[in-house]
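Inspection log for the structure reproduced underneath, given as structure tokens.
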Amino acid sequence: MQPDVLVVGAGFAGMYAIYRFRKQGLNVQVLEAGSDVGGTWYWNRYPGARCDVPSLEYSFGFSEELEQEWDWPEVFSAQPDILRYANHIADRFNLREHIRFNTRVTGVAYDEETRLWRLQTDTGESFSAPYCVMATGCLSVPNRPALPGAASFAGLELHTALWPKEDVDLSGKRVGIIGTGSSGVQAIPELAKAAEHLYVFQRTPVYTVPANRKAMRDAVQREFKDNYGAIRDMQQNNAGGVSNFRPQRSVEAARRNPMDGPGAESKIKALTPAERKAVLKARGLETLLGFRDVYTDPEANEIANELFRDAVRELVDDAETAEALLPKDYGLGCKRQVLDRDYYATFNRDNVTLVDLRATPIEAVTPDGITTSAQRYPLDVLIYATGFDAMTGALLKANITGRGGQTLNDKWRVGPVAYLGLQMRGFPNLFTVTGPGSPSVLCNMLVAIEQHVNWIGDCIDYLQTNHIDSIEPTEQAEQDWIAHVNEVAEGTMYTAPSCNSWYLGANIPGKPRIFMPYVGGYPQYKARCDNAAREGYSGFELKRSA
Ligand code: NA7
């Protein structure tokens, strides 16, 4: 039977899409490249992989039973626990019967005559449906830089985002890792424990602060579960889709959570230099993230950056290594905040060497290791922690062709053009979940996913009820939305001229420099989506066939 909706991807977005669309009576078929569910958490199995949103927040709110029955072992979850959660959802709600695994979508094309989306797969099959939902994730296309000689490496080569399912034995091995973003910073302390020697090839130093590493206390979990209704409402009213709920009964009121920072209105410039040092000493490096002016005032930002650098100088024994680990040419708040467990202390180990690629760039990868401008590093294992072609990568890789033979790659040649990060003009009845121009990676992903999938589900329902054949944004709505996305990003640290982040596409050579996520806040964004729907899908063109 021909499905009503084809969904690409069985990560959290694709999984919730099955639940939601099925509930409204639609026949859903999901196509997934991996052999199981979980998306990001299926692929990123590297040692140390962990979520940077608290577990009780990074969870679905669509089912009260699910909320109540699931227990998280840690405050911030490790990858295996999140993958277990994904599997539990798949089993509990019988989602797997709608998913075709080991099936990578290679082409997505609109047939104007039949008004169907036709999807080709690497298994040689083809699927058609009137609606297509790209639930392909924001960080799902690994970036592997084109280093000279890369293909010649004869040892074991790994990418953090394509980590093998079976254990990788690094004992007695000389291991090199390229990249010090979130993935590298999480993996490095674990790899150092497992390898004979670890060489960290760092191009850009990172701002990273200690993560909360507490085990979940029963009383805290209980209090969350007792208050989930209110917590979900709080998430809906928070810019980043997190409730910041603090258990009252189980945690002494006076004890601050390190994630609170100094309080929403605090300004670092309002403190004297001595007060700043005292606050930092009392509350730790992570307190710098809580000062509001750090994100908007370059002077305040540099004060925080300097305090950060001083703190790192104290944490790292070797002065030269410490100096190389200090970010100097961009500020806190430009990139996604990285959280670590013992990152700086790892560089005090005898079996860890930091290789500063700014001082001594990689000249070539050779069959037996890496050669920099200074020396040869013989390696048995080479790990790429070099990130992703973020936000647009998976959509462009899917070879999407819309009305009139227009390809998405062509439409997005100078950057992603979409309305509300949900739809693109010229691609009727094709939807993106957490697409560019939506809060996506700046929001708690599970909150963003639920909102998008609900909106798409309601939209399809509206089209069917009103016998409308197709929906796509108007050109004006797209242009106005992009202008608004840019306007709200302007003046923030995210778009400072010194900032080169994957949010801007700056990590991929040749990618247009555009700030891709919506920084205006989740509640404002959701209101815009809801208003459009309430007004009979204003900003969209709805068509009935003759
Ligand atoms: P990131 O944050 O994009 O980090 C990638 C790292 O790889 C970063 O340190 C890069 O240095 C480095 N890199 C990339 N290309 C090269 C080359 N050619 N040579 C040397 N070093 C290179 O990716 P992650 O996977 O760590 O994290 C992505 C998100 O996943 C994260 O923000 C969380 O939201 C989850 P660069 O800074 O480009 O100089």
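Just a few scattered comments:
- Here the gap between residue 74 and residue 375, fully extended at 0.36 nm per residue and compared with their Cα-Cα distance, gives a gain of 104.1 nm.
- Spacing of the two label points (7 Å from each Cα toward its C-beta) at residue 296 and residue 461, in nm: 3.8
- Protection proxy ranking for 169-175, 388-394, using the average of other Cβ atoms within 10 Å per residue and placing the highest first: 388-394, 169-175.
- Under 16 Å from the residue 306 label point (7 Å along Cα→beta-carbon), backbone N, segment 193-210: none
- Which listed pairs, of 214/328; 214/267; 225/267; 23/543; 277/328; 214/277, have C-alpha distances above 23 Å, in listed order: 214/328; 214/267; 225/267; 23/543; 214/277
- Fully extended contour minus Cα-Cα distance, from residue 100 to residue 484, at 0.36 nm per residue: 134.4 nm
- Computed E for residue 323/residue 154 - FRET, C-beta separation, R0 25 angstrom, nearest 0.05: 0.15
- Taking Cβ separations below 4.7 Å as the criterion for a possible disulfide partner, the isolated cysteines in the chain are 51, 132, 138, 443, 459, 529.
- For the chain, share of DSSP beta bridges that run antiparallel, in % to the nearest 5: 40
- Between residue 234 and residue 545, the contour length at 0.36 nm per residue exceeds the alpha carbon distance by 107.7 nm.
- Fewest-first ranking of 461, 350, using other Cβ atoms within 10 Å as the exposure measure: 350, 461
Only the coordinates and a few stated rules stand behind these numbers; no lab work does. Small disclaimer: the values here were computed from a predicted structure and weren't measured. We place every Cβ from the backbone using ideal geometry, glycine too, and count neighbours over all the protein chains shown.
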